[in-house]
Amino acid sequence: MTLFFYVIIAIITFVAFLHAWSKKDYDVSRTIVINRSKADIFGFVRQLKNQQKWVSQLQNAKLTHLKFKGEDGKEGAIVYWKGDKSIGEGTQKIIKVKPGHVFEIKLLVVKPAEAVALVYFASKEIQPERTKIVFGVRGYLPFPYSVISIFYSMENRLGNDFEKSLQNLKSYLEESNF
């Protein structure tokens, strides 16, 4: 019984050490250059309804509910979604729009696990028809996700999704006349 008690204490101490040692904040972003004007790109991405056309996680998910509230593309606009395990359930709320420059969304995921994050999108004109785009997310990892992140990198997981999404956005915007 005493050995069992010491083993349990050792495991708890080890996990607590991992939590204390782990990075709890994350900021993952990716960049791409798109051959379209900054105004065209920004006007397209700030519309929540357009996300299904380019965000890779939404393209691969089966959504059962999708509800919009407020004026799409403006501060205060909200989208609620519910879908399969790959996408879960949650809301997005536009919290900041600086036309042509910065667009921020508060992301609240309810299922499969609760999480709050800030999704951001920034654009910078390189030439009249060439725009540099940054797409990213920042947030906080509570216990036990902070421990899991030691072995399962947020940078790799989210970074790969963002790269796919930006490639989708580039293809869509350069090939269509939305």
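The values are calculated or read from the model by the stated rules, or taken from the named source; none is laboratory data. Model, not experiment: these values are computed from the prediction. In this analysis, Cβ positions are derived from the backbone assuming ideal geometry, glycine residues included, and neighbour counts consider all displayed protein chains.
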Every pair of residues 6+ apart whose Cβ atoms lie under 8 Å, when the first sits in the range 7-21 and is touching a residue at least 40 places away in the same chain (Cβ under 8 Å) and under 24 Å from residue 140 (Cβ atoms) while the second is polar (S, T, N, Q) and surrounded by fewer than 10 Cβ atoms within 10 Å (Cβ to Cβ)
none
Looking at (1) of a type outside the set (Lys, Arg); (2) more than 30 Å from residue 17 (Cβ to Cβ); (3) not in a strand (DSSP E or B), find the lone condition where residue 142 falls short.
(2)
Please go through the range 68-81 and pick out each residue that is surrounded by fewer than 16 Cβ atoms within 10 Å (Cβ to Cβ) and assigned to a strand (DSSP E or B).
68, 69
Matching residues in the range 30-67 - criterion: being in contact with a helix residue (DSSP H, G or I) (Cβ under 7 Å, 6 or more places away or on another chain), in a strand (DSSP E or B) and over 21 Å from residue 86 (Cβ atoms)
32, 34
Just checking, which of 94, 150, 126, 133 is in a helix (DSSP H, G or I) and either of a type in the set (A, V, I, L, M, F, W, C) or touching a helix residue (DSSP H, G or I) at 6+ places or on another chain (Cβ under 6 Å) (or both)?
150
Condition first: in contact with a Ser or Thr (Cβ under 9 Å, 6 or more places away or on another chain) and polar (S, T, N, Q). Now tell me which residues in the range 52-71 satisfy that.
56, 57, 59, 60
Does residue 109 fit the bill of being exposed (fewer than 15 other Cβ atoms within 10 Å of the Cβ), among the aliphatic types (A, V, I, L, M), at pLDDT 80 or above and on the phi < 0 side of the Ramachandran plot?
no
Kindly establish whether residue 100 is surrounded by 13 or more Cβ atoms within 10 Å (Cβ to Cβ), at pLDDT below 85 and in a loop (DSSP other than H, G, I, E, B).
yes
